[in-house]
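What follows is a set of notes on a single structure, which appears directly below.
The values are calculated or read from the model by the stated rules, or taken from the named source; none is laboratory data. As the structure is a prediction and not an experimental result, all values here were calculated from the model. Here the Cβ positions follow ideal geometry from the backbone for every residue, glycine too, while neighbour counts run over all protein chains shown. Ligands, DNA and RNA are stripped out before the accessible areas are found, and what is left, the full protein with its side chains, is counted by its heavy atoms. Shrake-Rupley method; radii C 1.70, N 1.55, O 1.52, S 1.80 Å.
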Amino acid sequence: MSDHDLFPYLYEWASDMDVSLAGNLRRWAENEVMAKRLELKEDYEQLLEPAMRKLFLEIGMQRLLWPEEHGGDGHNTPAASLTITAALEQVARGDVGIALLLSSLWALQSAVAMEGAVNGEACAALAEAVAGRDEPALVSLVLPLFRDEPQAAAKHGKGGWTVEAASTRPLACGGNASLYAVLCALQGSEEEWGVLLIPGDAKGIERGDALKRTGLAADINTPVSFGKVKVPEGMCVAEGREACRAMLSWLYLGISASTVGALFASYEILKEWGDSRVIKGRGHIFKENPLTAAVMAEVAKETSLARMLTWDLARILSEPAVYGPPGQEGNHVTAAMVVHQVSQAAENAINRAMEMMASAGYAREWNLERYWRDVKALQLCLGPYELAKMDVSRYFYRASTL
Amino acid sequence: MRTIDDFTRPLEYLSPLDDPLGMVVREWAETCVIPYRRRFDEDWKEHELIEPAFKRLMGELGMQRVLFPEDLGGWGLGRSNYAGTSSYRLFEEVARADSGMAVAFGVIYWPMVMICMEPHVNRELCEEFAPIFCSTTEPRFAANAMTEPQGGADIENMEIVKGSTIQTTAVLDGDEWVINGHKLWPTNSGGVCNLFGVVCTTNPGSEDPNDFAFIFVPADTPGVTQGPPYEKAGMAADKNGDIWFENVRVPKSYRAHGPGLDLLYFKEVITFGNMGSIAFVGGSMMNVYERLKDFVSEETYRGKPLKEHDAVAGVLADIARDIEIIRIVGYQYARMIDRPDLYGPRWSDEMVAKGRAYKYWACDRAVEDVGKAMNLMSTYGADRDWDVEKHWRDLKIVQLWMGGKQLCQAEVARWFFECETL
Ligand SMILES: Cc1cc2nc3c(=O)[nH]c(=O)nc-3n(C[C@H](O)[C@H](O)[C@H](O)COP(=O)(O)OP(=O)(O)OC[C@H]3O[C@@H](n4cnc5c(N)ncnc54)[C@H](O)[C@@H]3O)c2cc1C
């Protein structure tokens, strides 16, 4: 039985294409990552980069959401939210870091390339950087680290914008991005926020040393400073809080689906353990022991519910005519609640799976600890949960000063 | 300014050694470990950076000698009435810098508990093994080899499984034990061990406590092979690997005490393991407090330090609360170890069960709290530079080792609720 059948979601929402894409990406995960990782571990050059190139370029995931008229596959309707959910579950099952890179790219593409709101100027300018055929499109999102405080400011002047920010911490790929998408506090504009698009080789960008981190080895991140970087007028996309929130809602969906993928992988590892390990020395198969079975049930429950919630969010984003636009406060809050819930559930579930496997869970060889580290690092991309709660309370209780 | 020293210790029963020893180790941590520890992960196999810090602590400062009797070059802690509380402080201070080093250090004591602790000092074996540790300034490592490929939890699950799953055998052949078996994961294995304490059976499959044997095996005995260290999620300073014993012959006297008593006093080893684990958790958590305090004081949100945001402060309070309670509970358990006249023998089922309860409580709190601390730090929480993620990775195994949480739960339920079949 595949995960698709085992952990339910409302299948009728997924198209045939979504299901078949998920099947292909499942094979990508197995052949390009899982089959090689015992030997290559988390090696970037030998394992992760080639796998990522294959996924982005050969399989063509970086062109999926891009408009046909700009060289993409034209899957740029809101229903793509369901497609990226199906895809990221499988990608993250192979590698969570690669799934984060893809989630970042798709979040940006959702902001400039959605049918009905295609930003022609941006799409024309960016086609090569974010949906080309030669190099992986690595989009580095520079977002607020603490709720609603952008890390950068952009000043409007003659002929465009000037972006200024010292030592920002991008969400991912600060060290090797083809494009930076920087959420800025706008000065000299009616809107408070906007996302400024800056090519990776723009003048004025300075990258710090590569960061050593808990997980997500596919992501080469560094602090990045923007020293008076000039950005043409049309490269300020997603102007206004609602537009920025729309991009964040898509990002949260991507992170949520990636987390579900990590849960699938953890479940599989635990299942293998539970099927074969003997405890109590009397031929008791691990999974048949009530005390451990109760913990294993928790892992399955968290996985199942995380998946359902994620698909619910995908459905909400896929039907703006029914649920409203993705940047609307209610939808943004829903997205934030779902992703935090899924992420915490995953932290709990993988923690508990490690309990079941004791030293095997802690050993690199079994890979469970890798999902544990990756899922935690992915969670931290969301910023502190305590601050996200302020948005939730603001919305549900109409608090005005939070 | 408040510091980690403001977390409460029960001052009325600390030994006079507590502060002087604690300060020596803190100084060592500040100079020999903390400046280097961010590079320890890459050093997991070679220990080029880690080894000099061990040499200073264990060899030069002499901490590897503390349990042995004074006349054999030790510090006589095993015969004092403050072995528990003093060790607690030592472990806590080392773990503040690096809990992997703390376990490697603590486990030097661990098998020695069998022979160095009153009232069951085995003088002959102390004399035999003291020179390994007491007559050198080089670090020397001991290991307590319990876990086997088929499972570690069952080997510690004495009440129910009664040693019947132990597959490492000891057969008496004249005046020698002949040992055969495969152990894995002991702290201080992976090639570094000098002396093993090996959990064996003299009658495979038997549930008779008399067949449980604890036998010392010097690592250079013919037939002992140590495999390379495993790569793990954390705890780079602790090396763990496979050990194979193939027709290993040691003198008959290397069995710690003999039928029945080996198992009895082995439970005291478990008691010390639980006490040590709480200290490792407490020490690491105190450093998490230090680093987190720096972070939330420096980082601002809406024009104020992050710690001044009420919702953030709520989580900070929870973390401080748990560190405070872990420390008090840990010291209390150490004190119970020091006063068998009041709390009963250290090897009693009661002491073991209570130790398991405190240990798994402390571990659960720590895993959750450090996860929350990282979350408050936003994406910086995953950075090596902030140290918190290191403690998070390291502490997870404290929760998993010594049979894991479920064994703790089984033993606690068994003792308090008098369950009979768990
Ligand atoms: C860094 C590190 C240091 C270590 N140090 C040492 C050491 O010094 N000496 C040593 O001997 N070992 C050591 N170990 C091994 C460790 O103690 C074992 O991993 C642990 O005891 C669990 O054994 P196991 O891994 O074989 O898992 P298993 O015994 O297979 O147990 C796995 C899980 O099964 C469950 N379980 C097992 N039995 C039962 C039961 N009867 N009822 C309910 N649930 C059960 C528990 O959830 C347990 O966590 C170390 C491991 C690491 C990673």
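In the distance distribution for the stretch B:262-416, Cα-Cα pairs more than 25 Å apart total 36 percent. Residues in the stretch A:83-100 carry Karplus couplings, in order, of 5, 5, 5, 4, 6, 5, 4, 6, 4, 5, 4, x, 7, 5, x, 5, 5, 5 Hz; the curve used is 6.51 cos²θ - 1.76 cosθ + 1.60 with θ = phi - 60°, and Gly or Pro positions show x. Chains B and A together bury roughly 4300 Å² of accessible area, counting both sides, with a 1.4 Å probe on protein heavy atoms only.
Count, for each residue of B:380-390, the Cβ atoms from other chains sitting within 10 Å of its Cβ, then give me the mean as a whole number.
So the per-residue partner count for this stretch is 5.
Summarise the long-distance tail of P(r) for the stretch A:140-239 by giving the % of C-alpha pairs beyond 23 Å. That fraction is 20 percent.
Largest accessible area first, the listed residues B:ASP338, B:ASP318 line up as B:ASP318, B:ASP338 when surface is computed with a 1.4 Å probe on the assembled protein chains. Taking the 1.4 Å solvent-accessible surface of chain B as the whole, the part contributed by carbon and sulfur is 51%. The mean number of partner chain beta-carbon atoms within 10 angstrom of a residue's beta-carbon across peptide B:370-378 is 6. For the stretch A:199-272, the Kirkwood hydrodynamic radius from C-alpha pairs, put into Stokes-Einstein at 37 °C and a viscosity of 0.692 mPa s, yields a diffusion coefficient of 204 µm² per second.
Under unit Cβ charges (Lys, Arg +1; Asp, Glu -1), what dipole magnitude, rounded to 20 debye, does chain B have relative to its Cα centre? Result for chain B is approximately 600 debye, rounded to the nearest 20. Estimated translational diffusion coefficient (Stokes-Einstein, Kirkwood radius over Cα pairs, 4 °C, 1.567 mPa s) of chain B: 60 µm² per second.
Rolling a 1.4 Å probe across the protein heavy atoms gives the protein assembly as shown an accessible surface of 35 Å² per residue.
The value obtained for chain A, namely the Cα convex hull volume divided by the number of residues, is 137 Å³ per residue. What are the residues whose amide H is under 5 Å from the amide H of B:GLY76, where those residues sit 5 or more places off or on another chain and H is modelled from the backbone? The list, which skips near neighbours in sequence, is B:PHE68, B:GLU70. Quotient of the Cα radius of gyration of the protein assembly as shown and 2.2 N^0.38 Å, N being its number of residues: 1.01. Rounded to the nearest whole Hz, the Karplus-based 3J(HN,Hα) values (6.51 cos²θ - 1.76 cosθ + 1.60, θ = phi - 60°) of the stretch B:96-105 follow the sequence 4, 7, 6, 6, x, 5, 5, 6, 4, 5, with x at glycine and proline.
For chain A, the dipole from Cβ point charges (+1 on Lys and Arg, -1 on Asp and Glu) about the Cα centre works out to 1080 debye, to the nearest 20. Here the accessible area is traced with a 1.4 Å probe on the protein chains. For the stretch A:3-137, carbon and sulfur cover 48 percent of it. Annotation: amide H of A:TRP193 within the under-5 Å range of A:LEU186, A:GLY240, A:ARG241, sequence separation 5 or more or interchain, hydrogens built in the peptide plane. Whole-Hz Karplus values for the stretch A:384-399 come out as x, 4, 4, 7, 4, 4, 4, 5, 5, 5, 3, 6, 6, 10, 6, 6 Hz, taken residue by residue from phi with 6.51 cos²θ - 1.76 cosθ + 1.60 and θ = phi - 60°; glycine and proline positions read x. Across the cross-link table entries A:LYS376/B:LYS239; B:LYS232/B:LYS359; A:LYS389/B:LYS304; A:LYS280/B:LYS396, which are compared at the Cα atoms, there are no separations over 27 Å. Only one residue of B:TRP392, B:VAL171, B:GLY191 has its Cα farthest out toward the positive end of the dipole of the protein assembly as shown, where Lys and Arg carry +1 and Asp and Glu -1 on Cβ, and that residue is B:TRP392.
Would you work out what percent of the accessible area of the stretch A:272-359, with all protein chains in place, is carbon or sulfur (probe 1.4 Å)? The partial results should precede the final answer.
Numbers: 1870 of 3350 Å².
Carbon with sulfur: 56 percent of the solvent-accessible area.
Residues whose amide H lies under 5 Å from that of A:GLY204, counting only those 5 or more places away or on a different chain, are absent; hydrogens are built 1.01 Å from N in the peptide plane.
Treating the Cα atoms of the stretch B:334-406 as identical point scatterers in vacuum, please give the log10 of the normalised Debye intensity I(q)/I(0) at q = 0.11, 0.21, 0.25, 0.28 Å⁻¹, two decimals. With one equal scatterer per Cα and no solvent, log10 I(q)/I(0) is -0.40, -0.87, -1.03, -1.16. With Cα atoms as the point set, the radius of gyration and Dmax of the stretch B:144-259 evaluate to 13.7, 45 Å. Comparing A:ASP95, A:ASP201, A:ASP312 in a Gaussian network model of chain A (Cα springs below 10 Å), the most mobile by mean-square fluctuation is A:ASP201.
How tilted is helix B:123-134 with respect to the longest principal axis of chain B? Cα atoms for both, answer in degrees (0 to 90, nearest 10). The two axes meet at around 50 degrees. Ranking of B:TYR254, B:TYR13 by solvent-accessible surface, largest first: B:TYR13, B:TYR254 (1.4 Å probe, protein heavy atoms only, all chains present).
Expressed as a whole percent, the proportion of Cα-Cα pairs in the stretch B:4-139 lying more than 19 Å apart is 51%.
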